[in-house]
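Right, one structure below, let's go through it.
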Amino acid sequence: MNSYKRNRIIFAVIFVIIALATNWPVYQWMSGAEPLIFGLPLSFAWLILWVIIGFFTLLWLYISDNREPEHPEDL
Amino acid sequence: METTTVILIVVSVYLLISLMTGIIPYLRISKSVTGFVVGDRNMNAFIMYFVIGASIFSAFAFLGGPGWAYSRGAAAFYLIGYGILGIVPMYFLGPRTWRLGKRYGYVTQAELLADRFDSRFLSIILGFLSVIVLIPYLTLQMKGAGYVLDVISEGMIPEWVGAGVTYIIVLIYVLYSGVMGVGWSNAFQGMIMMVLAWVLGLYLPNALYGGVGNMFSEIMSAGHEAMLTAPGLTAAGDPWSWWGYGSAVFVSAVGFSVWPHFFMRSFAARSERSLRLSIVMYPTFMMFLIPILLIGFAAIIYFPGVEQADSILPYVLMRLELPAIVIGLFCAGTLAASMSSGDAILHSAASVGIRDSISKLVRNPLTDRQEHILMRISVVLIGFIAYLFAVVLDVSLVALLLGSYGGVAQIFPIVFAAFYWKRATKAGALAGLFGGLAVNMIFLIFPEMAPFPMHEGVYGLAANVILLVSVSLLTKPDAPERVKKFTDSGRIPE
């Protein structure tokens, strides 16, 4: 398996984790108002955390895609 | 100087700069359909970034976002939840769309799908449906602009004047520069929106409560803890169920990337790399929802009982002793949010209506010049119809718009199948799309029939996928050489 394909599988796994974390069922365990994190309710801060994780995951995929311009097939 | 004068000056300067940034690209684009609809496929990542960000966040985000946080608390977090999921398919679908567009000359979504599934009917129907969905969307943007100017000027600028003046500016630069006008003006408008949101969103909690943390502590000690607990409240004020929240996020995330006016922007990118970069950077634009929601939360304790939650932002601003220039800038921010979506919608509705529907209905093929002219005529026509809706009719457009999300999401399975599933057939695609739309519509009108309290779009999508798969498998495969050019669109062209 080339690194291009491997990266996409890793990305898909992280994407599923993000989807579960920001929605039912995982989000319901982090849905409380307290504690306040950087002044924001837990329910709010939790989602922002995952937006940041999502951003860096996309950025990583973009950088690794560009490093390998010769990939045979794009998914 | 009098407050209103200062506000008017700020707003006028904003409108003037919008007009200029929108018209300048006219000098550079070709005077053709490709120039008008996809900017000669030459949009760089910087402009694309703002087109993607600013066309999504409309007047609805600027007014409705704080409104939701104010009246329904954590329910508003759903805007954040679906944004980060919804952008991801674009990263994969976008470049394929772009490559096919470059090679085969597509400029719209329906054009691509109609070619894959060999169906003129699909193109015509999708074109009409897009226009039907986009017109109320545009009306909503006009109403937002008119409303804010009316409230802030304390009635000096009635809604019909505010909406009219704002959208004449939009009309001019869309007519002249097409999508590049949309792009350049969105870059300016997007910056205004972001700066204003952050300034106001941090200023209000600090001025009223002495900080964001204090604000949330006070909201909790005032007995509103349930509001801050996800998934927040329903419009009626009861706790929202995870069924409702979860399915709303799901349907919105699925529909996100296939909104016709959003999807077709992939065609405009200069290169795959610039398209991908602008998509990757989208979450940084999305972060401006944080201050937007803080504005709504800030009003909960100080301004209780405002019936029309969507008016909470102008309501608060009018009651604080703010310098006139700040209020003027806020007006400019809301207009920017309204115009940056409105221009994209107007441009797409006109392009799609002509390219996908009208040109497929006439007997003789239209020349490029005729099509270009017709598109510009329909810009005026669609703008005028939306404006009539905005000032004359008083129908609940928000309900209509929210209802359309489930419908738009039904396009996703066939877009996905077009690229990734060889065996998808014309009959399967048509059955899936129309079956999905019908089921979505039934549960939208009769929500009590639904077995679970989920968004109607989920049922539509279930029916859609089942029909798409089963009918495709039961019918003869589509012509392999045609299918191949779509499923192989991931390959780098030689």
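Per the listing B:GLY333, B:GLY342, the residue uniquely crowded, with 19+ Cβ neighbours inside 10 Å and either closer than 15 Å to B:LEU200 by Cα or charged (D, E, K, R) (or both) is B:GLY333. Apart from one condition, A:LEU75 fits all of (1) at pLDDT below 90; (2) touching a Leu at 6+ places or on another chain (Cβ under 9 Å); (3) among the hydrophobic types (A, V, I, L, M, F, W, C); the exception is (2).
Checking each residue in segment B:461-494 for being more than 30 Å from B:SER252 (Cα to Cα), in contact with a helix residue (DSSP H, G or I) (Cβ under 7 Å, 6 or more places away or on another chain) and within 14 Å of another protein chain (Cβ to nearest Cβ) picks out only B:PRO493. When residues in segment B:88-113 are screened for being among the aliphatic types (A, V, I, L, M), outside any helix (DSSP H, G or I) and crowded, with 24+ Cβ neighbours inside 10 Å, 0 of them pass. Within segment B:279-310, if we keep just the residues that are assigned to a helix (DSSP H, G or I) and surrounded by fewer than 18 Cβ atoms within 10 Å (Cβ to Cβ), the residue that is nearest to the other protein chains (Cβ to nearest Cβ) turns out to be B:THR284.
For segment A:22-39, a residue qualifies if it is more than 7 Å from every other protein chain (Cβ to nearest Cβ), more than 16 Å from the chain's Cα centre (by Cα) and aliphatic (A, V, I, L, M), and the qualifying residues are A:MET30, A:ILE37. Of note, B:GLY223 satisfies the criterion of being farther than 30 Å from B:SER18 by Cβ, without any contact (Cβ under 8 Å) to a residue 12 or more places away in the chain and within 14 Å of another protein chain (Cβ to nearest Cβ).
Of note, B:TYR14 satisfies the criterion of being crowded, with 19+ Cβ neighbours inside 10 Å and closer than 17 Å to B:ASN186 by Cβ. Output yes when any residue across segment B:77-95 is of a type in the set (A, V, I, L, M, F, W, C) and over 22 Å from B:ALA409 (Cβ atoms), and no when none is. Looking through segment B:77-95, none of the residues is of a type in the set (A, V, I, L, M, F, W, C) and over 22 Å from B:ALA409 (Cβ atoms). When B:GLY146, B:GLY201, B:GLY210 are checked against the criterion of being surrounded by fewer than 18 Cβ atoms within 10 Å (Cβ to Cβ) and either touching a Gly at 6+ places or on another chain (Cβ under 9 Å) or more than 17 Å from B:LEU16 (Cα to Cα) (or both), a single residue qualifies: B:GLY210. Starting from residues that are surrounded by 14 or more Cβ atoms within 10 Å (Cβ to Cβ) and among the charged types (D, E, K, R), keep the ones in segment B:17-51 and report whichever is farthest from the chain's Cα centre (by Cα). Filtering first and then ranking leaves B:ASP40.
There is at least one residue in segment B:241-248 that is buried (at least 18 other Cβ atoms within 10 Å of the Cβ), within 11 Å of chain A (Cβ to nearest Cβ) and under 22 Å from B:ILE52 (Cα atoms). Checked across segment B:104-125, the condition of being out of contact with any Lys or Arg (no Cβ under 7 Å at 6 or more places or on another chain) and within 14 Å of another protein chain (Cβ to nearest Cβ) holds for no residue.
For segment B:424-436, the condition of being at pLDDT 95 or above, in contact with a Leu (Cβ under 8 Å, 6 or more places away or on another chain) and not in a helix (DSSP H, G or I) holds for at least one residue. Only one of the numbered conditions (1) more than 7 Å from every other protein chain (Cβ to nearest Cβ); (2) within 30 Å of B:THR487 (Cα to Cα); (3) buried (at least 17 other Cβ atoms within 10 Å of the Cβ) is violated by A:LEU42, and that is (2).
The values are calculated or read from the model by the stated rules, or taken from the named source; none is laboratory data. This is a predicted model, so every value here is computed, not measured. No Cβ is skipped: glycine too gets one built from the backbone with ideal geometry, and neighbour counts run over all protein chains shown.
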